[in-house]
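This report concerns only the one structure given below.
The values are calculated or read from the model by the stated rules, or taken from the named source; none is laboratory data. For clarity, every value in this text was computed on a predicted model and none was experimentally measured. FYI the Cβ positions are ideal-geometry reconstructions off the backbone, even for glycines, and counts take in every protein chain you see. Only protein heavy atoms, including side chains, enter the accessible area calculation; ligands, DNA and RNA are left aside. Shrake-Rupley method; radii C 1.70, N 1.55, O 1.52, S 1.80 Å.
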Amino acid sequence: MAHLAPDEVAHYHQQGWVVPRFRLPAPQVSQMVGALDELLRLNPGVRPEKLVSAHVAGDNGEGVRGVADFLDLARDPELVDLVSDVIGDDVILWGCHVFCKPPVEGYETPWHQDGHYWPIRPLATCTVWVALEPSTRSNGCLRVIPGSHHGQVLHPHLHEDRTDLTLNQRMADGSFDESQAVNIELEPGQMSMHDVYMIHGAHANTSSVRRTGVALRYMPSSSLFDRALRPVDGKTGVPVDFARRPLWLLRGIDRSGRNDFEVGHVR
Ligand SMILES: O=C(O)CCC(=O)C(=O)O
């Protein structure tokens, strides 16, 4: 069991993010680095920051050939324990995005709120961002604006045409105070967890060290993954197909009674 301690749960709710004391054991990190190598080998034509639905093995219908180890990681009961401590006991896995920033020319992640992009209503998600490699200030670690999730406000995002970004939507200047940013530096096997409304981003990787995080996306089953919604259809620079995205009920029951766990699964 890997539950969050009360101070960790409190930190998540107060700040919008937390780095749990729990971390993946070294052999599991090594296995996942092997899976990452396989993922990169299978997807030579995809920017490594844009490996969306990496957990859906084979041709995932979103332009990526996924690897099953990422699904195994997402279903790891210890990770689901951590998630259930902040979103409750009914947990759906709905996404996994590998953000691998190669040395020297790894893309910047503009300041954004995840909730701007996703067809989940009511909007609720916990992301677990698992570091497979050192993630530091110099190689573009995740940066967060503590407390920015309070009030559950989605701020305007502007489109950017640059090709060197992981996402082509950036929060408008002036909607938050960048001087408040906290760098989340992690060692391999450590992870951070963040709320769907929290403002975050990451600098480009201009260092000589690759930086990879596996962003595992979980939602409470009281929300609906509404396949009819396309909040920022085609404008993010990351091709996604929410209409065919498979969902997994990892724990509990479907409280909304309307989530579809059949679509997108190969039987
Ligand atoms: O790893 C990054 O650079 C961005 C990650 C991110 O935006 C997320 O996990 O929501």
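Each Cα pair under 8 Å and six or more residues apart adds its separation to the average, and for the stretch 121-267 the resulting relative contact order is 36 percent. Each 10 Å bin from 0 upward holds the following percent of the Cα-Cα pairs of the stretch 27-167: 9, 36, 41, 14, 0. Relative contact order of the chain: 28 percent, from C-alpha pairs under 8 Å at least 6 residues apart in sequence. Based on protein heavy atoms only, the chain ends up with 41 Å² per residue of surface accessible to a 1.4 Å probe. For the stretch 6-251, with all protein chains in place and a probe radius of 1.4 Å, 52% of the accessible heavy-atom surface sits on carbon or sulfur.
Once you sort the root eigenvalues of the Cα gyration tensor of the stretch 111-267 as a ≥ b ≥ c, which label holds: rounded (a/c under 1.5), prolate (a/b larger than b/c) or oblate (the other case)? Verdict is prolate for the stretch 111-267. Inter-label distance, Ala2 to Arg258: 3.3 nm, where each label sits 7 Å from its Cα along the C-beta direction. Under a Gaussian network description of the chain, with springs only between Cα atoms under 10 Å, the residue in His97, His150, His203 that fluctuates furthest is His150. Each residue, His265 and Asp226, gets one label point 7 Å from its Cα in the Cβ direction; the gap between the two is 2.4 nm.
Could you compute the FRET efficiency for Asp164 and Arg75, with r as their C-beta to C-beta distance and R0 at 45 Å, rounded to 0.05? Result of the calculation: an efficiency of 0.85. For the chain, a Gaussian network of Cα nodes joined below 10 Å ranks Arg170, Arg41, Arg217 by mean-square fluctuation, and the top entry is Arg41. Entry note, the chain: the mean residue ellipticity at 222 nm calculated from DSSP H runs of n ≥ 4, each adding -39500 (n - 2.57), is -5500 deg cm²/dmol after division by the residues and rounding to the nearest 500. A Cβ-based charge dipole, computed about the Cα centre of the chain with Lys and Arg at +1 and Asp and Glu at -1, lands at about 420 debye. The residues Ser208, Ser256, Ser192, sorted by heavy-atom accessible surface at 1.4 Å with ligands and nucleic acids left out, run Ser208, Ser256, Ser192 from largest to smallest.
The overall shape of the chain, judged from the alpha-carbon gyration tensor, is rounded, with an a/c ratio under 1.5.
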